[in-house]
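Read the structure below first, then the notes.
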Amino acid sequence: MSSTTVAPAVREETPFRRFLSEFAASKIAMGGFIVFAIIVVLAVLAPWITPQDPYDLGTIDIMDGRLEPGAVGASGITHWLGTDDQGRDMLSGILYGLRISLTVGAGSALIAGLVGASLGMLAAYAGGRTDSVIMRVVDLQLSFPTILAALMILAFLGKGILNVVIALVIVEWAYYARTVRGSALVERRREYIEAAQCLALPTRRILFRHLLPNCLPPLIVVGTIQVARAIALEATLSFLGLGVPITEPSLGLLIANGYEYMLSGKYWISFYPGVALLITIVSINLMGDHLRDVLNPRLKK
Amino acid sequence: MTVYLLRRLFQSLLVLVAMSLIVFVGVYAVGDPVEILISPDADQAERARAIVALGLDKPLWQQYLVFVQNALRGDLGRSFVYNEPALQLILQKMPATMELALGATVFAILVGLPLGLYAGLHPDSGGAKAIMAGSILGFSLPTFWVGLMLIMVFAVQLGWLPSTGRGDTLWGWSFLTPNGLSHLVLPSINLALFKISLVIRLTRSGVRETMLMDYVKFARAKGLSRNRVTYVHVFKNILIPVVTVVGLELGSTIAFSVVTESVFAWPGMGKLIIDSINVLDRPVIVAYLMIIVLMFIVINLVVDIMYSVLDPRVRLEGQG
Amino acid sequence: MFQQGFAVTATLEVRDLQTHFFTRAGVVKAVDGVSFTVERGKVLGLVGESGSGKSVTGFSIIGLVDAPGRVVGGSIWFQGKDLARLSEEEMRSLRGNRIAMIFQDPMMTLNPVLRVDTQMIETVQAHEQVDRETARQRARDALGMVGIPSPDERLMSYPHQFSGGMRQRVAIAIALLHRPDLIVADEPTTALDVTIQGQILAEVQKLAATTGTSLIWITHDLSVVAGLADDIAVMYAGRIVEDGPVSQVLDAPLHPYTVGLIGSVPSRNKRGEPLRQIPGMTPSLLKLPAGCAFRSRCERADEACLEHPALFGLREGQRARCFHPHLEEVPA
């Protein structure tokens, strides 16, 4: 940090660049970021790097079922994290499971973010009745435990990956709406919005080109933490058997599959997917926690 | 006080109506009510009879009134699976869930309050930092996985505690028998985990804020011992927000017991709802949701009253 | 180490007190070499603007300077003991017992969730082994002494049921419970209405006279000091810039700062004359200029003021920390 003050940077310091340097200054946040990046890369590359395609029944030998970590299967593959009851390589299963967990988590967070941010901005910009109606719904939504709301929705809609995403979106949008409304209300009274209004710019343009960018920092913080929550919630729902179908096992379902074997001491079928889940969630939360600190001056409550 | 209570009751009633509407819409508008409320095994004649009985041939607003009327009479439909009134089924399972939720709340307070107090009184110590890091972990760890780990370590590896079920019960309660109590420990801890983190954070920030207040300095200026200042002057003030939040959280604790009950095969409402969802026993689902909503409202009301008992400022405002 | 001589008559003898705050931005010398004496049964008015160090001085005496602040030097002699060197437990047994303190904001000094009787009884029992009933009796007497009607009923009340003035009376009653030898009052009437202020001042004056209690009255309000105090010490930027008997200092101030302070009080000006004011603001204690701290705001300042002035005894009992004091103005 001190070296930057000794040798003044010639480059102009944009808020974004300052944000990057502040973020990089925290070892914990950077650690979280690096771990998360590795997880994402591994998940993306899963089809090419895993020793086995866990869904290609041709490569799976049921005789390899419930092998201990480090054991060598009949097909000659070393199963570093053991195998499940079907003889599936756990490492491969976890990497494929990560793909689904991350997709569902990030996807639902993204959609919820879009829906929530739009409604939040609408509430802040329109005010009056629109505002109070939207915020009533937000309050009701937030007063209800997420797991219960998700259960309710899945009970009505049925299982399936799409329904899980819908449930997660319905559960999560309110957080974004409240956050964006809060900061948009502050920003709305600033001069630059008034100036834009005086220029008679179209409302849509004011909303998305002027207001939204200034509500982004808190939105990013909430978004980061919500991704972690979405991943955890999806895993929980899948564990309960209400989430993704057996053909597309996420980490939660892998853990559920190993549950019955855990009591007989075959811990690895549940344990390692759990560790993968844990590392993912914690790394995201570490980033989120620090992001909140870095962006704090703009997060005035 | 009475006016205040009446106003709160009225608000609660509004929320109840709103939630019954949502559940109603969920059942009747999103899903096909015939499918949801009538057993798939029923024959044509039975179906027709049930449709008339449930008023499904009437317009939607009339159906809602019928739904509300039935609900008020305690009739929330019959379970397809058990062929029992759904309400009765749920009420039978309620003690188990309540026991678990209360056990978790007790753990949360017993563990969270002292740790939070310590972290608040010595904010720069290594212990406080460890406690706060632990509380972040408590927030991020998925409940069901921690439950599995608890089973793995304490039930399977160490063999100290039983892994699943309620054990022996006396008058329907586990905690009254030694065997039942041992069954209650792991699920309670599991369910308490999130709440412990919450209590730690609340207590810590409460302590830090209260320590800066003039009345704490004045209490010290009176020559009171450090313990008296901490445990009477500071503690009583932070107790109000902590009790409020823990009380309010009781509702969500009951909701989240769905997960813990599934992990530990704890035969409560949560296990019942998951099983019901899995076999599409929809009357039970509807009944569960209505019960939970009602519970939320009652809890909020009780917490409000408790709050006013604890905080003299609120209590006496109503009188004057 | 015995400070005889004045120990006979003086209740409190503060010598070269230094209280510093070790903040991240640097060391703030909130109190930097303050000395004064309070005689038995007398009232010392400690006057200054906010940030002058007067409140920190008060808290230093009662041993309640919170981190990052610390008494780093000097001595506070009270009943033959140096308070700056007492252990926490020894200090606790004096606090609220021999030395009491009254705070500025009566709305904040009483614990909102404890009844008044609890807060009074605990004070009695903190220092004396008495049963609850005796302690309650003492509390009732103390409330009566400060002019609170129907004390029995009031004991059962919570602080928020009292008005600001009543709360301050309760706080004073608590301070009086053990008939202390010294009360440090930190702007106790600032937050009150003028009429209530007057009542409380009269009450306190009477009590101090009858019980022989010494008072340190910290305030920024010169009119309060004029009516109440025997002696006055004017603080500026952590130091005493002028002290002496109250009538002498107020009628013929020596230090330009005191002159300005008195000039700022409307009633002291002749009608129609513009109000005088002190230009500028209190300097930051983090970067005090060398020499006289008041230099930058003083119309009399010259090169001489680049040196740090000592507290010169310029008249009988009256001292000022200035190279160019207002000596030409003869007391009326």
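Leaving ligands and nucleic acids aside, the B/C contact buries around 2400 square angstrom of accessible area in total at a 1.4 Å probe radius. Dimensions of the protein assembly as shown from C-alpha coordinates, computed as largest minus smallest value along each principal axis and given longest first, are 114, 72, 67 Å.
In chain C, excluding the sites themselves, the longest stretch lacking any of the chymotrypsin sites (Phe, Trp or Tyr not before Pro) that are in a DSSP loop with at most 13 other Cβ atoms within 10 Å is C:7-332. The distance between label points at A:Ala200 and C:Phe312 comes to 7.5 nm (points 7 Å beyond Cα on the Cα→Cβ vector). Taken over chain C, lysine pairs spaced eight or more positions apart, or on distinct chains, with alpha carbons under 24 Å apart number 7. Report the antiparallel proportion of the DSSP beta bridges in the protein assembly as shown as a percent, rounded to a multiple of 5. Approximately 65 percent, going by the DSSP bridge assignments. Rolling a 1.4 Å probe across the protein heavy atoms gives the range C:10-238 an accessible surface of 36 Å² per residue.
Leaving ligands and nucleic acids aside, the A/B contact buries around 3300 square angstrom of accessible area in total at a 1.4 Å probe radius. Would you list which aspartates and glutamates come within 14 Å of B:Lys236, measuring only between C-alpha atoms, while excluding same-chain residues fewer than 8 positions from it? Partners found: B:Glu209, B:Asp311. Once the Cβ-Cβ distance of C:Gln161 and B:Gln69 is raised to the sixth power relative to R0 = 56 Å, the FRET efficiency obtained is 0.70. Averaging Cα coordinates gives a centre for the range C:142-217 and one for the range A:112-191; these two points are 54 Å apart.
How much FRET efficiency would the formula 1/(1 + (r/R0)^6) give for B:Trp171 and B:Ala130, where r is the Cβ-Cβ distance and R0 is 30 Å, rounded to 0.05? Efficiency, rounded to the nearest 0.05: 0.10. Between B:Val52 and B:Gln157, the contour length at 0.36 nm per residue exceeds the alpha carbon distance by 32.1 nm. In the context of the full set of protein chains, residues of the range B:192-240 present 40 Å² of accessible surface per residue (probe radius 1.4 Å, heavy atoms only). For the range C:10-238, the Kirkwood radius over C-alpha pairs fed into Stokes-Einstein at 4 °C and 1.567 mPa s yields D = 72 µm² per second. Accessible-area rank, largest first, for B:Lys58, C:Lys206, C:Lys54: C:Lys206, B:Lys58, C:Lys54, with all protein chains present and a 1.4 angstrom probe. The order of C:Leu327, A:Leu142, B:Leu212, B:Leu110 by accessible area, most exposed first and with a 1.4 Å probe, is B:Leu212, B:Leu110, C:Leu327, A:Leu142.
Taking 0.36 nm per residue of separation and subtracting the Cα-Cα distance, full extension of the segment from C:Glu88 to C:Ala290 would add 69.1 nm.
Take the Cβ atoms of A:Ile28 and C:Thr23, set R0 to 30 Å, and the FRET efficiency comes out at 0.70.
Within the listed set C:Arg239, C:Arg98, C:Arg85, the residue fluctuating most in the Gaussian network model of chain C (springs between alpha-carbon atoms under 10 angstrom) is C:Arg85. Here's the list of lysines a cross-link from B:Lys271 could span, going by alpha-carbon distance under 26 Å and ignoring same-chain residues fewer than 8 apart: A:Lys159, A:Lys266, B:Lys93, B:Lys195. Accessible-area loss of 10 Å² or more (1.4 Å probe, protein heavy atoms, chain alone versus all protein chains) is found in the range A:274-292 for A:Gly274, A:Leu277, A:Leu278, A:Ile281, A:Val282, A:Asn285, A:Leu286, A:Asp289. For the range C:100-197, dividing the convex hull volume of the Cα atoms by the residue count gives 90 Å³ per residue.
Considering only protein heavy atoms and a 1.4 Å probe, what is the carbon-and-sulfur percentage of the accessible area of the protein assembly as shown? With neighbouring chains kept in place, the figure for the protein assembly as shown is 61 percent.
The values are calculated or read from the model by the stated rules, or taken from the named source; none is laboratory data. Quick caveat: nothing in here was measured; it's all calculated off a predicted structure. Neighbour counts are summed over all protein chains in view; Cβ atoms, including those assigned to glycine, are modelled from backbone coordinates with ideal geometry. When the accessible area is computed, the model is the full protein with side chains, heavy atoms only, and any ligands, DNA or RNA have been set aside. Shrake-Rupley method; radii C 1.70, N 1.55, O 1.52, S 1.80 Å.
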